[in-house]
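To start, the structure under review is shown below, and the notes come after it.
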Protein chains: 2
Amino acid sequence: MATTTLKGTPFDRQVLDSMLRRRLFYTPSFEIYNGTAGLYDYGPPGCALQANIIDLWRKHFVLEEDMLEVDCTALTPAEILKTSGHVDKFADWMCKDPKNGDIIRADHFVEEILESRLKGDKAARGVTVAAKEEDPKKKKKKTKGIAEAVKLEDAVVKEYEEVLAKIDNYNGEELGELIKKYELKNPATDVQPEPPVAFNLMFQTAIGPSSNAPGYLRPETAQGQFVNFAKLLEFNQQQMPFASASIGKSFRNEISPRSGLLRVREFLMAEIEHFVDPEGGKKHPRFHEVADIELVLLNKHTQLSGKTDLDKVTIGKAVADGTVDNETLGYFLARIHLFLKKIGVDQSKIRFRQHMANEMAHYAADCWDAELQTSYGWIECVGCADRSAYDLTVHAKKTGAPLFVRERLDKPITIEEWQIDLDKKKFGPFFKKDGKTIETAIEALSQEKREALAQDLKADGKITVDVEGVGNGKVEVSKDLIAIERRTRTENTREYTPNVIEPSFGIGRILYCLFEHNYWTRGSDGGDEARGVLSFPPTVAPTKVLLVPLSSNESFKPLVKDMSLKLRALGISSRVDDSSASIGKRYSRNDELGTPLGITIDFQSVKDKTFTLRDRDSTKQVRADEDSIFAAIRSLVDGSKVWADIEKELPVFEGQDLEAELPVR
Amino acid sequence: MATTTLKGTPFDRQVLDSMLRRRLFYTPSFEIYNGTAGLYDYGPPGCALQANIIDLWRKHFVLEEDMLEVDCTALTPAEILKTSGHVDKFADWMCKDPKNGDIIRADHFVEEILESRLKGDKAARGVTVAAKEEDPKKKKKKTKGIAEAVKLEDAVVKEYEEVLAKIDNYNGEELGELIKKYELKNPATDVQPEPPVAFNLMFQTAIGPSSNAPGYLRPETAQGQFVNFAKLLEFNQQQMPFASASIGKSFRNEISPRSGLLRVREFLMAEIEHFVDPEGGKKHPRFHEVADIELVLLNKHTQLSGKTDLDKVTIGKAVADGTVDNETLGYFLARIHLFLKKIGVDQSKIRFRQHMANEMAHYAADCWDAELQTSYGWIECVGCADRSAYDLTVHAKKTGAPLFVRERLDKPITIEEWQIDLDKKKFGPFFKKDGKTIETAIEALSQEKREALAQDLKADGKITVDVEGVGNGKVEVSKDLIAIERRTRTENTREYTPNVIEPSFGIGRILYCLFEHNYWTRGSDGGDEARGVLSFPPTVAPTKVLLVPLSSNESFKPLVKDMSLKLRALGISSRVDDSSASIGKRYSRNDELGTPLGITIDFQSVKDKTFTLRDRDSTKQVRADEDSIFAAIRSLVDGSKVWADIEKELPVFEGQDLEAELPVR
């Protein structure tokens, strides 16, 4: 599938990429030191775009739902990430090339070589190989050796295809076996890499001057929110459900980062942890507000069936028929969709894909990704995982902290259970120093065990209990010390560990997709193919208004300054371009920066205080007095109007001198 | 000097601190894991306060002056920080206690013990020791042993005092000698610590899977801006002066962090790098706008004289008389002052202190700190350093990158200089493989050297040049291969490395000072001493409006929801408190959160859509219709009006039931 620009013309990634760098949307970090893979800096327009997206995110999620935003540290002591499972499980498999020392990601390596052989087979069979869409989820590296046209046996082709279909499923040992079995060699050296070893993706450091306090840079912002759960619940005056949220940098030490901004080692995340009672079907009180929103959903079963031609379905229906597990998960999928729409994601290039069981993170019970289509393939930009009670449970178990909700019951409930009574007066003196240990062990006995022991006690007049650390681990307790009876108890409160629904946004990836989705060239409108345009919605555009004096004539200066101050007072970001370049060139530069509006200050302006306002996308202009121009700008920037409305309201302007260098239309 | 609250009453830090934690402004990170010194999380109100301050900072600096904001990575390859001097010089001296393994900061240790001895001496002499103001710049730890009343000889007292006066000047070896000479022992173990060793304050890690790519977490955001200088200049269309700016986390591995939020290991910085031509006195085009602003300036000389009673002086005068070196530095000091004022810093608790030569960072040529007064003493919250051309020069030298400005000269200048001509046809063949090396060495010769060599050539018919790596390092070149002549050359451009003025804001420190500066209790107004108030200006307050329905009566719900939506549409953050607590308790909670305004929804509201609006600071209320209430809120939040204006415009309300639980006045 070929990717297209916003106007449906063929998309050339290299051209866009060179424009983005030239306009300093982003740049490889430390480039004068030859850079470091996977690290990128945002220049002024990228930084402003990012800030605007974050601002909208905060309004759309945090303010709209009174979420509790927190700012936690990136530095994290090792113990927390050990408990969360990241120290043991957040790893990829890597191999070393014994000849040149290259470090290779094992699954990518197997995938590349097998694909290259299949390609060679097709070539040998005379099948034309279609330009295949790249998929950075599979992070393909350009195979160094060109696929040789070697025909494979049919059975081998089938075997390779089967391996590739489940490439995400293999562990290190299995990947090592595949490398041996198929004699896979590094094209750069022609030798087989060493067996895969696990490489943890977290950056390690030491906190404080002694080396015995290891720490990591967080790989997600979530843990900071989980360990503060009890305080957040208290802050929320014990009311459930509620959500915390956090915007901040996270870090993943990728083995060999590629695909530009899509796979980096330091990135901005915006994460929500929505805590919900696991009982009662995880209903959401505002679900009805989104129930009619239509989404493209690609569930597990459809993926297995190989079907890709997907219909839109309302989230209400998807939850009703069980495609999406519950209302809370469905609510957030719809809210994510609305957010992506608002910031300018192409509505024909978005889908929600459910994770297959084998690709889920170690903590997730279910997960849907919002994927955006780009020239690299479908990119996971927002994950929406049901982490169940996993994190709160493991942290509570490790620390003893009360990471649960205690709920007052409207109607008390009665519980029938086996209760144990110890004759404390005799028990302590009888067991002496072991008394406390034995008592604790007895109190920890399960209901099933208690029932069995009650029968023993009745039958034998004594019971035998397992108590670690006392004698041989078996302790006998006679009936004069203990009684076990079935009784009824009344409970006025209920305790539960909330489940967590986690919408998690990779801001850098979203940013990159916005570039591809909003890019086109004037060529598609019959203009200059070399002139790029980024048609960001005005709300997210880095700068809203460009102020362009016709020339360096002194009489324009006070007007420019005045307009600039007035826009600032309205909270609308503007830039002045008073360089000596032609009007056309100056507008052209700002089309590439995605500036939606331009005001030209000319001799007429000096005379009568009227100005022209130019629309980036159509390059059309209107002319009006200052107040009308400002009113138009405000309504365009806050989204209450579109350019077509403005053209109806204000007189269209077609001044020859200004349009001279604009594209012919 | 005793610290006071906003109302001039004595300040109790423990009370404020416990309130800040209870209201979740901040909390030690990972507290359920017993925390880690120097790491703090911001809860919802702290996070909102921080976001509002950042928002104002961006408007006050970045938008106001069209600064180029960038977002660079915190992960930094070691090479960059080696070049910048941080790997070698960004360190403190630490000692190990051989008995218990304690790690001690050497300068703090010497300081503490000597001060403790001096205190003991005073006690022995019967002098009352005044409660001394703590100074976290000197990071005092509570001395474990209480000072024994031991009288010292007068000469010893004088010696100790001299050592303490220059405690910041000693290197590791000297600190070690002091420890030996005065037999300083760790009170915890009664043994002498081991000799001091340098401890670099940067967190180290490895970037990528091989261990040969060491990196650090940045200790400041500045380096990311410097290495991108050439691109930023290009983005700014080669116009000088200009500034870049960056807001982001930085990291310093403090040996033993103390003083709560004032000395932490991970912190938010906002830094500006203003690039200016070093020639022409570093004038600033907007200096006249700030020239009349009065600042409290504590310069180097005044500090030496011991004078502390400082007068205010206009920045115009301070630059004119040379107290502040130049207009650009002066401009930023004034702008920093205006910013701090805007966000709510107590104007009687701010001063600008010039660094003494010995306390300046390794890169700084001059530096003024904006210091804010707190219960910990005067705290450096904003540094304003003149980093001269230090950073651009070292990075350019290391990488060969063009980190300079090339300026077209209006009038070409003529330069008379010694020029060298080599007879290339003969030169290369004569020196063979060494030819290029010798040529490079000759071209690098200085004007002075060229002049001397010209005379040698005339006198001897040959010259001797030092060329490293060729023969014995001396190369003879005869006059048939070389000519050296004095000639005139015309230059149309000028190249220079800009100087950098760097205002650098520690946001966490500013936040803490705002807490102390805006805190008071109702006791000062004759109310309940236990009721704390944080009188943040409405612009920075975490939440602007509290919505309080009188009770849980169903008839209030639609009104509350409606008001809440309308405030959101106005971009004004609000919270609903519909808990069952009394109105008084609910307001009291929000006084502690610093919420400036409260709207009560009562039965009258249901009848006639009028509401009461409450002022946090005076607890007074007005009652009016919805539109008037919203207009009042808007003008208070945007700072165009104060409460006194509102009281004049709208009828004062004194409903008994609502005030019942408010403090008696």
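Throughout, read-outs are computed from the coordinates displayed, never taken from laboratory work. Bear in mind that the values here come from a model prediction, so they are computed numbers and not experimental data. Every residue, glycine among them, receives a Cβ derived from its backbone with ideal geometry; neighbour counts consider all protein chains shown.
From the label point of A:Ile54, set 7 Å along Cα to the beta carbon, how far off in nm is each other copy's matching point, shortest first?
Label point to label point, same position, other copies: 0.4 nm.
As a test, work out the antiparallel percent of DSSP beta bridges whose residues both lie in the protein assembly as shown, rounded to the nearest 5.
Approximately 90 percent, going by the DSSP bridge assignments.
What is the Rg over Rh value, at two decimals, for the stretch A:282-390, using alpha-carbon atoms and the Kirkwood definition of Rh?
In the stretch A:282-390, Rg relative to Rh is 0.94.
Please report the spacing between the Cα centers of the stretch A:216-245 and the stretch A:38-112 in Å, no decimals.
That distance is 19 Å.
Please list the non-local residues whose amide H lies under 5 Å from the amide H of A:Gly594, H modeled 1.01 Å from N, same-chain partners needing a gap of 5 or more.
A:Leu534
For the stretch A:411-494, what's the relative contact order in percent, using C-alpha pairs closer than 8 Å and at least 6 residues apart?
It comes to 50 percent, rounded to a whole number.
Using only alpha carbons, build the gyration tensor for chain A and give me the equivalent ellipsoid semi-axes, biggest first, whole Å.
In descending order the semi-axes read 57, 35, 23 Å.
Closest to the B-onto-A rotation axis, which residue of chain B has its Cβ, and how many Å off the axis is it?
B:Thr205, 2
If a/c stays under 1.5 just call it rounded; otherwise compare a/b with b/c (prolate if a/b is bigger, oblate if not). Do that for the stretch A:514-567, with a ≥ b ≥ c from the square roots of the Cα gyration tensor eigenvalues.
oblate
Put +1 on the Cβ of each Lys and Arg and -1 on the Cβ of each Asp and Glu in the stretch A:411-494; which of A:Ile415, A:Gly469, A:Thr493 then has its Cα farthest toward the positive end of the dipole?
A:Thr493
Can you list the distances in nanometres, one decimal and ascending, from the B:Asp311 label point to the identical position in each other copy, with the point 7 Å along Cα to Cβ?
8.6
Within the stretch A:434-478, what residues put their amide N at less than 11 Å from the label point 7 Å along the Cα-to-Cβ vector of A:Gln419?
none
Mind checking the angle between helix B:327-343 and chain B's longest principal axis? C-alpha axes, 0 to 90 degrees, to the nearest 10.
Here the helix axis deviates by roughly 20 degrees.
Test of understanding: what is the full-extension gain from A:Lys180 to A:Leu338, defined as 0.36 nm times their sequence separation minus their Cα-Cα distance?
52.0 nm
Dimensions of the protein assembly as shown along principal axes (Cα, Å, largest first)?
122, 101, 77
In nm to one decimal, list the spacings between the B:Glu407 label point and its equivalents in the other copies, with label points set 7 Å along Cα to Cβ, shortest first.
Distances between equivalent label points, in nm: 7.1.
Assigning unit charges at the beta carbon (Lys, Arg +1; Asp, Glu -1) and nothing else, what dipole magnitude in debye, to the nearest 20, does the stretch A:543-659 show about its Cα centre?
In total the dipole reaches around 360 debye.
Inverting the mean 1/r over all pairs of different Cα atoms, compute the Kirkwood radius of the stretch A:411-494 and quote it in Å.
So the Kirkwood estimate lands at 13.8 Å.
Taking chain A as the reference, fit the longest principal axis to its C-alpha atoms, fit the long axis of helix A:447-460 to the helix C-alpha atoms, and give the angle between the two in degrees, 0 to 90, nearest 10.
0
For a Förster distance of 35 Å, can you work out the FRET efficiency between the beta-carbons of B:Ala530 and A:Arg408, rounded to the nearest 0.05?
Efficiency, from the Cβ-Cβ distance: 0.80.
Could you work out the Rg to Rh ratio of the stretch B:543-659, with Rh taken as the Kirkwood radius (inverse of the mean 1/r over all Cα pairs)?
Dividing the radius of gyration by the Kirkwood radius yields 0.91.
For A:Thr610 and B:Asp627, what does the FRET efficiency come to when R0 = 45 Å and r is the distance between their Cβ atoms, rounded to the nearest 0.05?
Between A:Thr610 and B:Asp627 the formula returns 0.85.
On a 0 to 90 degree scale, rounded to 10, what angle separates helix A:583-592 from the longest Cα axis of chain A?
So the helix axis and the longest Cα principal axis differ by about 20 degrees.
May I ask you to derive the relative contact order of the stretch A:293-434, considering only C-alpha pairs under 8 Å and at least 6 residues apart, and to give it as an integer percent?
Over the stretch A:293-434, the number comes to 16 percent.
Any chance you could count the Lys pairs in the stretch A:261-322 whose alpha carbons are under 18 Å apart, treating pairs 8 or more apart or on different chains as valid?
4
Hey, what number do you get for the protein assembly as shown at 222 nm if only DSSP H runs of n ≥ 4 count, each worth -39500 (n - 2.57), divided across all residues, to the nearest 500?
-10000 deg cm²/dmol
When the Karplus curve 6.51 cos²θ - 1.76 cosθ + 1.60 is applied with θ = phi - 60°, which whole-Hz ³J(HN,Hα) does each residue of the stretch A:365-371 get, with x for Gly and Pro?
9, 7, 7, 10, 9, 7, 10
Please give the FRET efficiency for A:Gln14 paired with A:Met360, using the beta carbon to beta carbon distance and R0 = 41 Å, rounded to the nearest 0.05.
Once rounded, the FRET efficiency stands at 0.70.
Quick check on packing: order B:415-428, A:22-35 by the mean number of other C-beta atoms within 10 Å, highest mean leading.
Peptide ranking by packing, descending: A:22-35, B:415-428.
Whole-Hz Karplus ³J(HN,Hα) for the stretch A:634-645, in order, using 6.51 cos²θ - 1.76 cosθ + 1.60 and θ = phi - 60°, x for Gly and Pro?
Residue by residue, the stretch A:634-645 yields 4, 6, 6, 6, 7, x, 7, 9, 10, 4, 4, 5 Hz.
Which ³J(HN,Hα) values, rounded to whole Hz and listed in residue order, are derived for the stretch A:423-435 from phi using the Karplus coefficients 6.51, -1.76 and 1.60 in 6.51 cos²θ - 1.76 cosθ + 1.60 with θ = phi - 60°, glycine and proline given as x?
With the stated coefficients, the stretch A:423-435 comes to 7, 4, 4, 8, 4, x, x, 5, 8, 6, 4, 7, x Hz.
What dipole magnitude, in Debye to the nearest 20, does chain B give about its Cα centre under +1 on Lys/Arg Cβ and -1 on Asp/Glu Cβ?
For this selection, approximately 860 debye.
Taking the Cα centre of the stretch B:450-512 as origin, sum charge times position over the Cβ atoms of Lys and Arg (+1) and Asp and Glu (-1), and report the length of that vector in debye to the nearest 20.
Here the stretch B:450-512 has a charge dipole of around 200 debye.
Skipping prolines and chain starts, which residues have an amide H placed within reach, meaning under 5 Å, of the one on A:Phe203, given they are 5 or more residues away or on another chain?
Residues meeting the amide H criterion: A:Leu217, A:Asn253.
Evaluate peptide B:60-70: per residue, the Cβ atoms of other protein chains within 10 Å of its Cβ; return the mean as an integer.
Mean shielding by partner chains, rounded to a whole number: 4.
Measure off 7 Å from each Cα along the Cα-to-Cβ vector at A:Phe603 and A:Met240, then give the distance between these two points in nanometres to one decimal.
7.5
Report the label-to-label distance for A:Glu451 and A:His60 in nanometres (one decimal), using points 7 Å from each Cα along the Cα→Cβ vector.
5.2
How well do other chains shield peptide B:544-550, expressed as the mean number of their Cβ atoms within 10 Å of each residue Cβ?
What the average comes to for B:544-550 is 0.
For the pair B:Lys7/B:Glu173, report the inter-label distance in nm, with labels modelled 7 Å from Cα in the Cβ direction.
So the two model labels end up 5.9 nm from each other.
Would you work out which of B:Phe536, B:Ile103, B:Leu565 lies farthest towards the positive end of the dipole of chain B, given +1 charges on the beta-carbon of Lys and Arg and -1 on that of Asp and Glu, about the Cα centre?
The residue sitting farthest along the positive end of the dipole is B:Leu565.
List, in the order given, every pair from A:Lys96/A:Lys166; A:Lys566/A:Lys641; A:Lys341/B:Lys231; A:Lys249/B:Lys59 whose Cα-Cα distance in the structure shown is over 26 Å.
A:Lys341/B:Lys231
Non-local amide H neighbours of A:Thr374 (under 5 Å, H modeled in plane, Pro and chain starts lacking H): which ones?
When sequence neighbours closer than 5 places are left aside, the close amide H contacts are A:Ile379.
Shielding of A:197-205 by partners, i.e. mean partner chain Cβ atoms within 10 Å per residue?
3
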